[in-house]
1. Are any residues in the range 416-442 assigned to a loop (DSSP other than H, G, I, E, B) and over 20 Å from Asp210 (Cα atoms), and if so, which ones?
2. Report yes if some residue within the range 135-145 is crowded, with 21+ Cβ neighbours inside 10 Å, in contact with a Pro (Cβ under 9 Å, 6 or more places away or on another chain) and either more than 25 Å from Asp437 (Cβ to Cβ) or not charged (D, E, K, R) (or both); otherwise report no.
3. I'd like to verify a number: residues in the range 461-479 that are modelled with pLDDT of 90 or more and of a type outside the set (A, V, I, L, M, F, W, C), how many?
4. Quick one: in the range 318-335, which of the residues that are of a type in the set (Lys, Arg) and without any contact (Cβ under 8 Å) to a residue 24 or more places away in the chain is surrounded by the most Cβ atoms within 10 Å (Cβ to Cβ)?
5. Looking at the range 1-30, which of the residues that are part of a loop (DSSP other than H, G, I, E, B) and surrounded by 21 or more Cβ atoms within 10 Å (Cβ to Cβ) is modelled with the lowest pLDDT?
6. Quick one: how many residues across the range 91-114 are of a type in the set (A, V, I, L, M) and closer than 23 Å to Leu311 by Cα?
7. Hey, among Lys280, Lys256, Lys290, Lys244, which residue is touching a His at 6+ places or on another chain (Cβ under 7 Å) and in contact (Cβ under 8 Å) with a residue 40 or more places away in the chain?
8. Which one is modelled with the lowest pLDDT among residues in the range 228-267 that are closer than 13 Å to Gln193 by Cα and outside any helix (DSSP H, G or I)?
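The values are calculated or read from the model by the stated rules, or taken from the named source; none is laboratory data. Keep in mind that what you see is a predicted model, and the values were worked out from it rather than measured. Here the Cβ positions follow ideal geometry from the backbone for every residue, glycine too, while neighbour counts run over all protein chains shown.
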Amino acid sequence: MYEHTKKWTVVALNTVCPMLHAAAYCLSSAGKKIRDYVGEVPSSILFEYKNMNCRMAYDYEIYLKFSRKLLEKLNEREFFNEINEKEREAIKASMDLAEKIFNENVSKLSDRELVERYEQVFDAYWEMDFWGHIINISDSDHFMLTNKLNEIIKSKNKKVNVNYVVATLITPYESEPLREQEENFFKILSLMQQGKDVKNEIREHTKKYDWMLYNFDGPTILDENYFKESLESELRQGTDAKFKLKERGNKLQDLKRKSDNFIKILGLNENEKYWFEVAKNFMYIKALRKDTLFICSRKLDLFIKEVALRLHISPIQLKHMSMDEFNSAFRGDKIDLDEINSRINYSAWICEDDKLYVFSGNDAKKYSSLIYEETGEKDTREFKGSPACMGKARGIVKLVETVNDLPKFKEGDILVSASTNPHLMPAIKKAAGIITDTGGVTCHAAVVSRELNIPCVIGTKIATKVLKDGDLVELDADNGIIKKIK
């Protein structure tokens, strides 16, 4: 019988996270392998799944001990090189496997072959999550990596904006799939503005990027009309595609120039430059991994539906089964559908010592009740976070957590969220400013805010608790301060 009595602390949130992925993340993040590799283990990890939202929690003291040990090991360049290489390999392996299954006629596969493919997908997620978890924990809500980078710049005693310098030096030069999509989109738009027939280009673009709004669970798969209408909308608005493409190229050149200039002015030594390379690589890989999960989820859409069909259950029910239950079901054992359905509404997934425990209903609430969160006071007028992208903004607050919140978001609003993800990009692009509860300098909100030059403050812990729709706020992202006006 599993028992846990210590307080949990939320360290990450992940909207609409399928349990196939969360179970793999659970097992890869609190097991023997990570203890052997890092030298510490986060003891146990909790995934709470409620109302289509998932959050991750740890015993905080052990989590901090684990994080400090990880940062200490990152002093070893070989350790960083291995993480960087292994995660990139795992991402490619997941993509290759998803593409292979996507091109198969899954309805013709035998039950044994389906089980083999499903186990391969789980193992691929596990491997990608193992290395990805190490990267995530290096700069989660404790800001250990962020603080280290800030201290390096402060130690130089130069008259520079520390937050701006750090943001510049860790912004990746590499483009992840979503950024590549945008560039290709404007190339097609440029051809249209030259009067060229772009039917083939739109078709190929759709095949490559139809996953953009799929998220983890779908069911949105974009078609050619979506991209055609998007291109036509840009034409009606008078968007100059050639200018946009040139602007993107200039932005990259400007970034490289500023980075080289800061390194020279500050006189960063090789070890100091190394730490910024670590953060820059981690920032890129986190964005790449997120895109990869969306791509793989979309590519595996028909496969998951076929597996669920064979078991006479729905895809969402399938994703709330453990691997042991999955294998048992294919051996002919009866599936406890009442238990599975209960998990969909409310469940707790706990991993400890390589073992996965799954609870639902009141049993789940028993463990979730041990989660501690900073709530803040409703009458809080001012609070702070960590600057992610410099600038100031003033606007109306809109809390945006899922795609269901997108319709209420207007141009110039201040986006407030526990954490952002690519699914929220339609709102992010309209935002005058961004505020999040969680995240370090390598989180999604930090990446996109710098890309779009939107003032952003991350890691406030309490923004979604003390702000509500309609509040007027001033956002000072130079100093990480948020003030509620009324």
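1. Ala418, Ser419, Thr420, Lys430, Ala431, Ala432, Asp437, Thr438, Gly439, Gly440, Val441, Thr442
2. Yes: one or more hits.
3. 6
4. Among those residues, the one meeting the criterion is Arg331.
5. Cys17
6. Matching residues across the range 91-114 total 6.
7. Lys290
8. Gln237
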